[in-house]
Structures are given as C-alpha cells and as structure tokens.
Amino acid sequence: MQTSRRDFLKVAGVGGVAATVFGFDLKPAYAQLKELKIARAAETRSTCPYCAVGCGVLIYTIGDRAKNVTPQVIHVEGDPDHPTNRGTLCPKGSSLEQDILNPRRLTKPQVRRPGATDWEDISWDTALDEIAQWTKKTRDATFVEKDAAGHTVNRCEGISFIGGCTDTNEFNYLVVKTMRSLGLVYLENQARV
Amino acid sequence: MSQASTEIIRISGHAGSVPGAGLNREFQVCKLVDTTTCIGCKACEVACLEWNGYTFSETTFDNTYQTMPETAWNYWNLIKFNEHERADGSMMLLMRKDQCMHCEDPGCLAACPADGAIVQYANGIVDFQEQHCIGCGYCITGCPFNIPKFSPEARKVFKCTLCNDRVSVGLEPACIKACPTGCLHFGTKPEMKELAETRAEQLRNVSGFADAGVYDPPGVSGTHVIYVLHDAKNPELYGGLPKDPHIPYSVRLWKGPLKWLGNFAMIGGLVGLAWHYMRYGPKNEEPIPPDDRRRV
C-alpha cells in the first residue's frame, strides 16, 4: 500500500490531536503543595518554661539570622535531640508559640504594693533596688547567728529561693553561691512545686 | 521538595487515566493510634493547630473532657472521650484521636465532581486541593467517617492533610511528633501494621483484653490511619467509629451506573439526531399549491 505525503500528514495530525485530547502523557502528575513553613527559618534551641520536666524545644524565627532581619517567631516544636522529651511536647508546651506571640505577655517588671488592688509598672532599676533593700531589711531582721544550743549557724530564715526549669547548671551554681553567702537555707526547685 | 512522595495516583472528577500513575516505586505512609496508651492530653490537637496556623476555636463543654462535639473545618484533630461501663460494672474512659483516616479507597474522592479538587498521592495521603474545590459538599456525603467540613467563610471544604507539607520533605506529621506517651506512631504501612499487631497480641495475652485488635477497615480497602483498640469487636464505643465503613451506595450508584447511563443517553441522543438527519434530511417547507398563490 502506498502512502502519499498528504495522507501521512493527515493521519499524523489527527493522531496528534487525539493524543493531546485523550491525555497520553507519561509524565507523572504532581500536586501543588503548601511549602514547608520552616524550610529556611532560623532554628534556635531552648527549654520549655512551664513545668520541671524541662523539655527541649526548637524555636523557628523568620530570616536566616542575617543582620538586617528582625527575627519573629513563626513556629515552636519539640527538640528531637533533647534527651528529656526526644521531640515530644505536652499540650501546654505545644502551644508555646502563643506564649511568645501574645498581647498579654509581660515584658516589663510590675509590682503590687501592700494593700493595693492593681499592678503598677516599674523600671528594672527601681525593681532591682527595691529587691536589694527588702533583702537587706529581711536578712537583718531574721538572721540567726546561734541556735538554742549555742551552735554557730549563721543562717537567714526569712528568705527562700526557688529556681525554674530553664535555669542552666552555670546559673544554678551562681544561685547557690549567692544565696548561701546570704545565709539562705531554703533553696528549692520547681520540680517539687 | 521531594516530588516522589506527592506523585498523584487518583484524581477526583477526572476524565481518563491519571498521567504516569504507578510508574515510580513509592512507599505508603501510615499513622498508628494506640488508643490503649492515650491519656487524652490533647497535645496532638494543639500541635495540629500550631502547625497549620489556625487560631483556637470556641470550645463546647458537654460534661466530658472533649474539646468540641466533632472536628471542624479549622480543627482537624480531636480526641473523642467516651465513658464505657464494662460487663463487670467497672468504668473505662476510652479516648480516640479522631481525624481523616486517609482511606485507600476514599469516599470523598469518589463523590467529588470537581476535576482535581481531591487527589490521592502515591504514598497514600488523600489531599484536598482547595484551589479546585467548588464547595459543593459532596465529599461530606461520601465520607464514612464524617471528616470533611465546610467552611462558610471560605465556601470550601477542609480536612486533615496528614501534614503533607512535612511528609513531603521527610518529616513526621505534627501530631505524631508531639505525642508525649508515644501512643502515636508514624512509618510505612507494613511497619505500622506489624507494630499494631504486636501491641494487640500483647493486650490479648498479657493485659487481659481478649477482644483487642487492629482497626484497618477492609470496607474502604484499608486506611492510612490505623487504630489499636481494647475491643476491636465494638469500634462504635470509641466515639462512633464505624464497624464496617464503606462508600455510601448512593455515591457508588451516582458515580457508577447512573453516570454511564447518563453518558449513554447523551451520546445516544446525538447519534440519533445525526441518524435522523441523514435518514430523513431536514424538514423542508411545504410547497404552496399554485392555486393559493394569490392569497399570500
């Protein structure tokens, strides 16, 4: 059978159109996915501030720590390399992002005076000065040099200290040094609260 | 982004086959929910909201610990709390993580009329493509687990994506990562099936739950979220988990025989039209008899 050039072109044209219409395509189909929102975000390790378990968390902020970027938290999740939680978090820990991005978050010191009903904002300098004065006053009033049996004890019974779960070993070392130098006996940690 | 895990094998409302489906080797992912070790802490609920960026919704108190009666369009993951009295009079608090089951044979996809609004990836995830969704809500009818939820604001339907944005880059879903008791697991389907069977056997032989078993319903050809239940014979106890879920027959009929019947009638009509034209030709004007010409 002879095929003329005209016939060949006709068949090829019709076949091509049919192939396009009926979708003969060997390229697999892919969906348009939402991009991973933390793909190139800066990852910072931290510790959950809530309970005494002290789970490790990863805090993701926008930007890659470049100089001209103001970081903003976009996501918080568990740290899989942390020995305590190995990536898991409880519901409170899972909601840490809302702890950081919260209009009601406290960002400056406040004080409620004796008898007052409202909290008032004070500066860090005032707060530290007042704490120092109260510490001095309380220590002078409650310092015990000798106990009933006459033993020298040099302790301050009117003040106690409580540490949080995000405190590092280095911080705790300094805390114990400072508090013991004041004569404090009651050093407590959050694990027993 | 790894494209292999998001290769599409099934498309809703699509004429013809899916291009290139089945050409690549692909592993099937699976979530395992061990209801026997769930403590109802809801870390998975919060992690889901955090990752997907939805705000906290109004909760409903109905004398249980449950956050709300059922999942919502912007609340994809819900622990269902159910008090159950056993034969000996003792109480059990049954907790089940309710979310999209990612069926192997998805009812939502079968019911969907919009081309490409619902797709199934080669890794088993069933995903809604909101840009193609027409908001008809047929998927809500098609789902045997009551999962797709209509958003009145967006006029579209939403559901759990099995965190496909995380899975496609090799991460686990957000809920799985958060779970502090380890009652949630993530891996390939065969691995999760094996782990679930091992746990069910342990519950039967050691913990005294004679009816413990794995929930992987064959009515929808298996799911990509499987449960270990204390009482696999009565899944309804766990907040209405259907015993034998399947795609509703109305959807099967509408999308199967009725669709073909409709197509047949349509094409038959066209063919009949063409045949009539060729057989009888167009209707000609009656020639006016010569006598009546004056009257016209």
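A quick yes/no check of all residues on (1) at pLDDT below 95; (2) assigned by TED's automatic domain parsing to the domain that holds B:Pro173:
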| residue | (1), (2) |
| --- | --- |
| B:Ala196 | no, yes |
| B:Asn205 | no, yes |
| B:Tyr215 | no, yes |
| B:Val228 | no, yes |
| B:Asn234 | yes, yes |
| B:Leu237 | yes, yes |
| B:Trp260 | yes, no |
Restricting attention to strands (runs of 3 or more DSSP E) lying wholly within the stretch B:129-196, give those where 2 or more residues are within 30 Å of A:Val53 (Cα to Cα) and either within 12 Å of another protein chain (Cβ to nearest Cβ) or of a type in the set (D, E, K, R) (or both). B:184-188
Per the filter on the stretch A:59-80, residues part of a loop (DSSP other than H, G, I, E, B) and within 13 Å of chain B (Cβ to nearest Cβ) are A:Asp79, A:Pro80
Go through (1) of a type outside the set (Phe, Trp, Tyr); (2) surrounded by 17 or more Cβ atoms within 10 Å (Cβ to Cβ); (3) more than 29 Å from B:Ser250 (Cβ to Cβ); (4) free of Cβ contacts under 8 Å to residues at least 24 places away in the same chain for B:Gln129 and report which single condition fails. (3)
Name the residues in the stretch B:193-218 that are hydrophobic (A, V, I, L, M, F, W, C) and in contact (Cβ under 8 Å) with a residue 12 or more places away in the chain, would you? B:Leu195, B:Ala196, B:Ala200, B:Leu203, B:Phe209, B:Ala212, B:Val214
Please give the number of the condition A:Ala66 fails out of (1) exposed (fewer than 15 other Cβ atoms within 10 Å of the Cβ); (2) touching a Ser or Thr at 6+ places or on another chain (Cβ under 6 Å). (2)
Of the residues A:Gly183, A:Gly150, A:Gly115, A:Gly158, which single one is small (Gly, Ala, Ser) and touching a residue at least 24 places away in the same chain (Cβ under 8 Å)? A:Gly183
Collect the residues in the stretch A:152-175 that are of a type outside the set (Phe, Trp, Tyr), within 20 Å of A:Trp134 (Cα to Cα) and surrounded by 14 or more Cβ atoms within 10 Å (Cβ to Cβ), keeping them in residue-number order. A:Arg155, A:Cys156, A:Glu157, A:Gly158, A:Ile159, A:Gly163, A:Val175
The correct count of residues that are basic (Lys, Arg) and modelled with pLDDT under 95 in the stretch A:113-138 is 1
Exactly one of B:Thr71, B:Thr36 is buried (at least 20 other Cβ atoms within 10 Å of the Cβ) and closer than 26 Å to B:Ala196 by Cβ, and that one is B:Thr71
Candidates A:Thr152, A:Thr178, A:Thr166 - the one that is closer than 21 Å to A:Pro49 by Cβ and not assigned by TED's automatic domain parsing to the domain that holds A:Val53: A:Thr166
Residue list for the stretch B:139-158, restricted to those being under 12 Å from the mean Cα position of the chain (by Cα) and aromatic (Phe, Trp, Tyr): B:Phe145, B:Phe158
Subset of the stretch A:44-58 [within 13 Å of chain B (Cβ to nearest Cβ) and either of a type in the set (Val, Ile, Thr) or loosely packed, with under 14 Cβ neighbours inside 10 Å (or both)]: A:Val53, A:Val57
Among the candidates A:Asp129, A:Asp125, A:Asp118, residue that is part of a loop (DSSP other than H, G, I, E, B), of a type in the set (Asp, Glu) and surrounded by fewer than 14 Cβ atoms within 10 Å (Cβ to Cβ): A:Asp118
Scanning the stretch B:192-220 for residues that are of a type in the set (A, V, I, L, M, F, W, C), closer than 20 Å to B:Lys31 by Cα and out of contact with any Cys (no Cβ under 7 Å at 6 or more places or on another chain) gives B:Leu195, B:Ala196, B:Ala200, B:Leu203, B:Ala212, B:Val214
Go through the residues of the stretch A:102-120 one by one and say whether even a single one is within 14 Å of another protein chain (Cβ to nearest Cβ), of a type outside the set (D, E, K, R) and closer than 30 Å to B:Thr181 by Cβ. yes
Could you tell me whether the stretch B:49-59 includes any residue that is more than 25 Å from B:Phe150 (Cα to Cα) and polar (S, T, N, Q)? no
Does B:Ala111 satisfy the condition of being more than 13 Å from chain A (Cβ to nearest Cβ) and touching a helix residue (DSSP H, G or I) at 6+ places or on another chain (Cβ under 8 Å)? yes
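The values are calculated or read from the model by the stated rules, or taken from the named source; none is laboratory data. Since the model is a prediction, treat every value here as computed from it, not as a measurement. Cβ coordinates were reconstructed from backbone atoms using ideal geometry, including for glycine residues, and neighbour counts include every protein chain displayed.
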